[in-house]
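The values are calculated or read from the model by the stated rules, or taken from the named source; none is laboratory data. What you are looking at is a predicted structure, and each value in this text was computed from that prediction instead of being measured. Here Cβ is always computed from backbone atoms with ideal geometry, including for glycine, and neighbour counts include all displayed protein chains. For the accessible areas, the whole protein counts, side chains as well, though only heavy atoms, and no ligand, DNA or RNA atoms are used. Shrake-Rupley method; radii C 1.70, N 1.55, O 1.52, S 1.80 Å.
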Amino acid sequence: MTEQIAEHYQRVAATYDELWAYDPDYVRQFSRAMIDSLRLIPSDAIADVGCGTGLYTRALCTELEPQRPVLCVDPTPAMLDQLPASPRMRPVLASAEDLASGHVGLPQAGPLDAVILKESIHHVPDRGRVLAGLASMLSPHGRLLVVMLPPSIHHPLFQAAHDRFEELQPRPDDVVDLLSDAGLRASVSYRTFHVTVDRARYVHMLESRYMSVLDEFSESELATGIDQFRRAYRDTPVIRFDDHFAFVTGWVRPD
Ligand SMILES: C[S@@+](CC[C@H](N)C(=O)[O-])C[C@H]1O[C@@H](n2cnc3c(N)ncnc32)[C@H](O)[C@@H]1O
């Protein structure tokens, strides 16, 4: 993890849930979509890699009622500190690289039935090696889900932020190829979540640099961007947009 990314999550950890949970229904719908796409069942051994504060893991546990604690893996101590104490979630301070290379072992015996990486793959530079390592940890009926934004998004960011995001964000099709290279049966589908957010709240989110791409801008560049946003949405007190996500799945091939 680069110093910039480490500092970003260290800084936003305490307010992450407030910044990112557009509304409880959004989080609930999202967790249902993840359960659905991996066809998770309560007896699955699950790891959520790059779980952050566990905002979505918590909702997933409420919906699924897993019989074994979900492994909540994240390299940022401040993010993991936000994870509520629960018998359903076990924190593991590690990066995807640590886990995939075996540098940090699983705290429980046996392979994993499901690995989820929700909005963390863009922080992993050597994606091929890491996804292959995680794939090798799967059981014979194992599956892996990478949830990621495509490079072009509908968030009401200012133009320079959109441009920078497009430059930095990995392509879902490339992740499909990497999962295939790792021996999994891989495919991508897209899911849309409708977002409603007050303009004033969104300004606060921009000021708080709620997306890590916003850390690419200096204070004055960000202020200019927020001015552009205020002008563009001056007649829109409530902003609505569609959040399109790529759900890239990889399934262990039957022998
Ligand atoms: C955008 S947040 C997503 C958190 C959570 N999955 C969610 O959707 O709310 C990205 C998370 O990835 C973590 N992260 C950064 N680098 C990582 C790496 N190399 N391996 C695993 N997680 C990483 C960060 O600490 C952060 O918690």
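So Gly52 ticks every box in (1) within 9 Å of the ligand (Cβ to nearest atom); (2) open to solvent by 30 Å² or more (accessible area, probe 1.4 Å) but one. Which box is left unticked? Unmet for Gly52, out of (1) within 9 Å of the ligand (Cβ to nearest atom); (2) open to solvent by 30 Å² or more (accessible area, probe 1.4 Å): (2). In the range 113-138, which residues are within 11 Å of the ligand (Cβ to nearest atom) and either part of a loop (DSSP other than H, G, I, E, B) or in contact with a His (Cβ under 7 Å, 6 or more places away or on another chain) (or both)? Of everything in the range 113-138, those that are within 11 Å of the ligand (Cβ to nearest atom) and either part of a loop (DSSP other than H, G, I, E, B) or in contact with a His (Cβ under 7 Å, 6 or more places away or on another chain) (or both) turn out to be Glu119, Ser120, Val124, Pro125, Asp126. Scan the range 22-75 for residues that are assigned to a helix (DSSP H, G or I), of a type in the set (A, V, I, L, M, F, W, C) and farther than 26 Å from Asp98 by Cα and jot them down. Within the range 22-75, Val27, Phe30, Ala33, Leu64 qualify. The requirement of being near the ligand (Cβ under 8 Å from one of its atoms) and either open to solvent by 50 Å² or more (accessible area, probe 1.4 Å) or modelled with pLDDT of 90 or more (or both) is not satisfied by Cys61.
Identify the residue in the range 94-112 that is outside any helix (DSSP H, G or I) and within 10 Å of the ligand (Cβ to nearest atom) and, among all such residues, is nearest to the chain's Cα centre (by Cα).
The extreme case among them is Ser95.
The set of residues from the range 22-38 being within 10 Å of the ligand (Cβ to nearest atom) and surrounded by fewer than 17 Cβ atoms within 10 Å (Cβ to Cβ) is empty. Flag set for Asp74, criterion: modelled with pLDDT of 95 or more, charged (D, E, K, R) and within 10 Å of the ligand (Cβ to nearest atom). Pairs are defined by a Cβ separation below 8 Å, a sequence spacing of at least 6 or placement on different chains, a first member in the range 16-45 that is in contact (Cβ under 8 Å) with a residue 60 or more places away in the chain, and a second member that is within 12 Å of the ligand (Cβ to nearest atom) and in a loop (DSSP other than H, G, I, E, B); the pairs so defined are Tyr16/Gly52; Tyr16/Thr53; Tyr16/Gln82; Asp17/Thr53; Asp17/Gln82; Leu19/Tyr210; Trp20/Tyr210. Among the residues of the range 234-253, those identified as in a loop (DSSP other than H, G, I, E, B), open to solvent by 60 Å² or more (accessible area, probe 1.4 Å) and touching a residue at least 12 places away in the same chain (Cβ under 8 Å) are Pro237, Arg253.
Residues that are among the polar types (S, T, N, Q) and open to solvent by 20 Å² or more (accessible area, probe 1.4 Å) do occur in the range 124-136.
Which ones in the range 167-203 are over 22 Å from Leu145 (Cα atoms) and either open to solvent by 50 Å² or more (accessible area, probe 1.4 Å) or without any contact (Cβ under 8 Å) to a residue 60 or more places away in the chain (or both)? Before the answer, list the steps.
Just the residues of the range 167-203 that are over 22 Å from Leu145 (Cα atoms), to begin with: 167, 195-203.
Matches in the range 167-203: Glu167, Thr196, Asp198, Arg199, Ala200, Arg201, Tyr202, Val203.
Assessment of the range 176-192 against the conditions (in a helix (DSSP H, G or I), in contact with a Phe, Trp or Tyr (Cβ under 8 Å, 6 or more places away or on another chain) and basic (Lys, Arg)) yields no matching residue.
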